[in-house]
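I have placed the structure first, in the form of structure tokens, so that the comments after it can refer back to it.
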Amino acid sequence: MTAMVKAEAVHKRFGRLEVLKGITLEVDRGEVMCILGPSGSGKSTFLRCINHLDKINAGRLYVDGELVGYRERGAKLHELPEREVARKRAQVGMVFQHFHLFPHMTALENVTLAPVQVSKVSRDEARKRGTELLGRVGLADKLNTYPVALSGGQQQRVAIARALAMRPKLMLFDEPTSALDPELVGEVLEAMRQLAREGMTMIVVTHEMGFAREVADKAVFMDDGVVVEAGQPEDVLGSPKHERTRTFLSKVL
Amino acid sequence: MDTSELTKEKRTERPEEIKAVPVRHPGRWIAAAIVLLFAAAAVRSIVTSQGFQWHVVGHYLFDSRILHGVLATVYLTALCQGIGIVLGVVAAVMRLSPNPIVSGASWLYIWFFRGTPLLVQILFWYNIAALFPTISLGIPFGPTFVHAHANSIVTPLVTAMLGLGLNEGAYMSEIVRAGIISVDEGQTLAAQSLGMSRLQIMRRIVLPQAMRVIIPPTGNETISMLKNTSLLIVASYGELLFSAQSIYDVNYKVIPLLIVASIWYLVMTSVLYVGQYFVERRFGRGFTRAERATMRSRWLTFGAGSMAR
């Protein structure tokens with residue numbers, strides 16, 4: 001069976017600045033991978049590349065066995081038309097550090113928008129599923145609340161429900177708890193933990209070491225655009241082999 | 001006395017409510033008196049001066065020709081502002097297009113129509129027959145479908161639509177563009193990650209949020225439009241000022257009829273103010289802003305210092 005995400009020597013450049021300098025890794029189905037590393041190490045950029053929100057400059061990136069953003073014909077890569085890219089993005093859920101909820105819509109409208117607009121699910125069906133999803137993240141009483149009236153933790157849980165509404169096969173989390181007050185982190189991590197238990201494939205960029213140890217099947221330490229160390233969370237976090245990992249962990253813990 | 005007992009006692013007993021003597025503001029009263037004095041003088045001269053001829057104003061205020069002009073002005077404002085908004089959205093989206101030809105075309109349109117006086121544009125459209133005696137509709141360099149004389153197509157109404165609508169579109173496009181740019185990029189990112197298309201994102205996510213920024217200046221534009229319809233007097237379109245003029249051309253009561261027109265313009269712009277308030281409230285959903293001081297609360301605190309004794 002093919003891996004859910006497979007990166008082969010992925011390079012990404014912004015102008016002259018090379019942000020990813022050859023990332024190679026694999027995430028299997030149902031697996032949770034946590035990516036750790038100092039800011040500016042390219043973690044978020046890598047996540048965005050998986051969703052083709054950023055185009056890679058070299059290497060190959062596959063999601064569910066299919067090349068991201070391109071089609072390979074013979075030896076040549078052809079860019080995928082916008083519609084195709086959008087169709088693929090719809091199958092990958094993404095949660096952002098700053099939530100990015102749609103402020104002009106209620107929690108339920110946030111969750112039902114894409115199913116109705118993109119997947120062409122009926123409005124009733126979408127509302128039913130949206131209500132259920134918001135209930136699952138503990139927000140059954142906030143269906144008709146606008147994001148501005150929700151706490152950060154609640155907003156992030158709506159964002160998770162919004163991504164799940166598209167029935168993604170893969171979920172990407174970009175520092176989902178970094179913008180939250182400490183006492184609100186737990187509720188978001190709990191929603192993610194539950195998702196992991198249900199067998200969702202997840203890539204989580206995070207600084208939450210406890211979460212990484214407990215939930216992750218694989219931990220990856222990135223620095224300066226390369227994977228420094230990868231493996232079992234207890235190895236990478238508990239007894240890192242590389243100096244750079246050790247230095248970073250000593251600062252975070 | 002034991003110190004712990006002392007703090008305990010202090011904590012349980014609620015201190016007396018503060019009733020301080022407010023700061024006095026004699027300057028406010030002096031300023032108000034000066035303003036009122038000037039206002040009284042102005043009102044006196046308006047009421048007593050013979051030149052205003054208030055009985056003539058009263059006579060013509062509800063004249064059927066004037067009311068007809070009012071209706072025509074309302075109709076023209078709605079029509080041309082509507083054209084302006086549609087053109088503005090199209091031009092703004094074009095301007096933000098990654099295609100340089102498309103964005104360049106939009107830039108050129110804005111440059112031309114913002115850069116020439118509206119009155120010149122209206123005169124130009126009115127006299128378009130001199131430039132293009134016949135107008136045909138078809139595919140460029142290909143077959144034509146409709147063919148007609150310019151004079152029969154470019155009626156005063158069409159002149160109005162072209163002149164005011166195209167000019168307004170150029171201004172509106174800059175307003176819409178500012179609104180689009182004001183929306184956080186994360187919104188587009190989140191929508192993209194959900195698989196929404198560029199058009200869906202624009203329509204469902206970006207434009208509704210841009211509206212909050214777009215509406216106040218659009219209200220301004222609509223008020224300008226309402227007043228600018230008076231320029232169509234040069235194209236013999238029967239709007240409010242034209243109606244007033246056609247009456248004073250006969251009876252020479254110029255000032256009273258200009259006052260009649262002004263009263264109606266004020267009435268119409270006041271109605272627009274109210275409309276804008278409700279539209280702003282509709283698109284402000286999901287954004288609570290600090291409540292602005294209302295007129296009422298300002299009255300209540302005015303001069304409180306010297307009155308509250």
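Structural remarks
- No other residue among A:Thr145, A:Thr245 is among the β-branched types (Val, Ile, Thr), more than 30 Å from A:Tyr62 (Cα to Cα) and free of Cβ contacts under 8 Å to residues at least 60 places away in the same chain apart from A:Thr145.
- Scanning region B:102-119 for residues that are open to solvent by less than 50 Å² (accessible area, probe 1.4 Å), without any contact (Cβ under 8 Å) to a residue 12 or more places away in the chain and either under 20 Å from B:Met161 (Cα atoms) or charged (D, E, K, R) (or both) yields one hit, B:Thr116.
- Annotation: of all residues in region B:155-167 being farther than 30 Å from B:Val206 by Cα and buried (at least 21 other Cβ atoms within 10 Å of the Cβ), the one that is farthest from the other protein chains (Cβ to nearest Cβ) is B:Thr159.
- Complete set of residues in region B:120-150 that are free of Cβ contacts under 8 Å to residues at least 12 places away in the same chain, touching a His at 6+ places or on another chain (Cβ under 9 Å) and not hydrophobic (A, V, I, L, M, F, W, C): B:Gly138
- Taking the criterion of being surrounded by 23 or more Cβ atoms within 10 Å (Cβ to Cβ) and within 14 Å of chain A (Cβ to nearest Cβ), the residues of region B:210-249 that qualify are B:Ala210, B:Ile214.
- First in region A:93-116 and more than 9 Å from chain B (Cβ to nearest Cβ), second anywhere and crowded, with 24+ Cβ neighbours inside 10 Å and among the basic types (Lys, Arg), Cβ under 6 Å, 6 or more apart: A:Asn110/A:Arg162; A:Val111/A:Arg162
- Of all residues in region B:287-296, one or more are more than 14 Å from chain A (Cβ to nearest Cβ), at pLDDT below 60, open to solvent by 90 Å² or more (accessible area, probe 1.4 Å) and not in a loop (DSSP other than H, G, I, E, B).
- Positions within region B:36-69 being open to solvent by 100 Å² or more (accessible area, probe 1.4 Å) and of a type outside the set (Phe, Trp, Tyr), in sequence order: B:Leu36, B:Leu37, B:Arg44, B:Gln50, B:His55, B:His59, B:Arg65, B:His68
- Single unsatisfied condition, B:Phe141 versus (1) under 16 Å from B:Thr77 (Cβ atoms); (2) outside any helix (DSSP H, G or I): (1)
- Filtering A:Arg83, A:Arg60, A:Arg73 for residues that are of a type outside the set (A, V, I, L, M, F, W, C), farther than 17 Å from A:Ala7 by Cβ and more than 14 Å from chain B (Cβ to nearest Cβ) leaves a single hit, A:Arg73.
- Qualifying position, being closer than 22 Å to A:Phe173 by Cβ, of a type in the set (A, V, I, L, M) and in contact (Cβ under 8 Å) with a residue 60 or more places away in the chain, among A:Ile50, A:Ile56: A:Ile50
- Restricting attention to region B:168-196, the residues that are facing chain A (nearest Cβ under 7 Å) and either assigned to a helix (DSSP H, G or I) or surrounded by fewer than 18 Cβ atoms within 10 Å (Cβ to Cβ) (or both) add up to 6.
- Residue in region A:153-161 that is more than 10 Å from chain B (Cβ to nearest Cβ), charged (D, E, K, R) and over 20 Å from the mean Cα position of the chain (by Cα) present: no
- Residues that are in a helix (DSSP H, G or I) and open to solvent by 50 Å² or more (accessible area, probe 1.4 Å) within region B:80-101 comprise B:Ile85, B:Val86, B:Leu87, B:Val90, B:Val93, B:Met94, B:Arg95, B:Pro100, B:Ile101, listed in sequence order.
- As a summary of the residue check, A:Met192 satisfies the conditions (1) closer than 19 Å to A:Met4 by Cβ; (2) within 14 Å of chain B (Cβ to nearest Cβ); (3) surrounded by 23 or more Cβ atoms within 10 Å (Cβ to Cβ); (4) aliphatic (A, V, I, L, M) except for the one numbered (2).
- Of the residues making up region A:196-214, those that are within 20 Å of A:Gly138 (Cα to Cα) and either touching a strand residue (DSSP E or B) at 6+ places or on another chain (Cβ under 6 Å) or open to solvent by 10 Å² or more (accessible area, probe 1.4 Å) (or both) number 5.
- Restricted to region A:24-135, the set of strands (runs of 3 or more DSSP E) holding at least 1 residues that are open to solvent by less than 70 Å² (accessible area, probe 1.4 Å) and closer than 26 Å to A:Phe248 by Cα comprises A:32-36, A:92-95.
- Residue match in region A:146-162 (condition: assigned to a loop (DSSP other than H, G, I, E, B), under 28 Å from A:Lys88 (Cβ atoms) and open to solvent by 30 Å² or more (accessible area, probe 1.4 Å)): no
- Identity of the residue in region A:163-186, within 14 Å of chain B (Cβ to nearest Cβ), part of a loop (DSSP other than H, G, I, E, B) and of a type in the set (A, V, I, L, M), that ends up most open to solvent (accessible area, probe 1.4 Å): A:Ala179
The values are calculated or read from the model by the stated rules, or taken from the named source; none is laboratory data. This is a predicted model, so every value here is computed, not measured. Heads up, the Cβs are rebuilt from the backbone with ideal geometry, glycines too, and the neighbour counts pull from every protein chain shown. Remember, those area values only see protein heavy atoms, side chains included, never the ligands or the DNA or RNA. Shrake-Rupley method; radii C 1.70, N 1.55, O 1.52, S 1.80 Å.
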